[in-house]
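Below is one structure; the comments refer to it alone.
The values are calculated or read from the model by the stated rules, or taken from the named source; none is laboratory data. No experiment lies behind these values; they were computed from the predicted model shown. Quick reminder, even Gly has a Cβ in these numbers, built from the backbone with ideal geometry, and neighbours come from all protein chains shown.
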Amino acid sequence: MTDCYKLNVQAFVQEISLKQSYTEKSTFFHHSGLSCSQIDYILDNPTSSIISSYKTHNRCPSNYSSHVPVSAKIEVNAKVKQSLVKPNSARQFKFQWKDLDSESFNSFINEELSQYNIEKHSLEENIQFLYNCLKKAAAVAVTSKIIKLKGPKFKASPTTLSLLQICKEKYQLWKSNGKHDGHFKSDKILA
């Protein structure tokens, strides 16, 4: 870590009164097994008490790292707007993150953050703002594709529906018998 970066982090920690949550458990184990210490931790402001639980995990054989994970649970209440969706035109989209335009994504977020004053709002409002900001940035910079399109139901006469059902049954019978040319295939064609 460079000295300039270290000073900036230390100044930030002091400015907002962050404290280290201590536990008796070690988080780093030297590869020789002769020494261990607690060097992994999460910083928290004790006056705001954002963290509801803090956990230093146990060592496990599948973790080849010399460090054990440290986790914290943060409880936040956020209001989610529900938009009205017409039942016959509901679509679901999936973001294609591999096609992310990172330059426009970052510039959109930086522009939004520059116009927003964090100190004037509560923690919940700030989290809601960040959520909305990320959502808008994704809509601008990430392409999406439709994964589910819900349209009107297929309408057919009762006769057509019964013939379609017979055709499905004949196809399943043909498929279960290995789909070779024979009387099952001709039955399906006749159906």
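Of all residues in region 136-157, which are at pLDDT below 80 and not charged (D, E, K, R)? Answer for region 136-157, where residues must be at pLDDT below 80 and not charged (D, E, K, R): 146, 147, 149, 151, 152, 154, 156, 157. Of the numbered criteria (1) in contact with a strand residue (DSSP E or B) (Cβ under 7 Å, 6 or more places away or on another chain); (2) at pLDDT below 85, the one residue 85 fails is (1). All conditions but one from (1) part of a loop (DSSP other than H, G, I, E, B); (2) in the same structural domain as residue 13 (by TED's automatic domain parsing) apply to residue 79; the one that does not is (2). Selection of first residues in region 116-141 that are farther than 24 Å from residue 15 by Cβ and of second residues that are surrounded by 13 or more Cβ atoms within 10 Å (Cβ to Cβ) and acidic (Asp, Glu), restricted to Cβ pairs under 8 Å at least 6 apart or on distinct chains, gives the following pairs, ordered by first then second residue: 136/112; 137/112; 141/101. Scanning region 17-38 for residues that are surrounded by 10 or more Cβ atoms within 10 Å (Cβ to Cβ) and aliphatic (A, V, I, L, M) yields one hit, 18. With respect to the conditions (1) within 18 Å of the chain's Cα centre (by Cα); (2) modelled with pLDDT of 85 or more, residue 93 falls short on a single one, namely (2).
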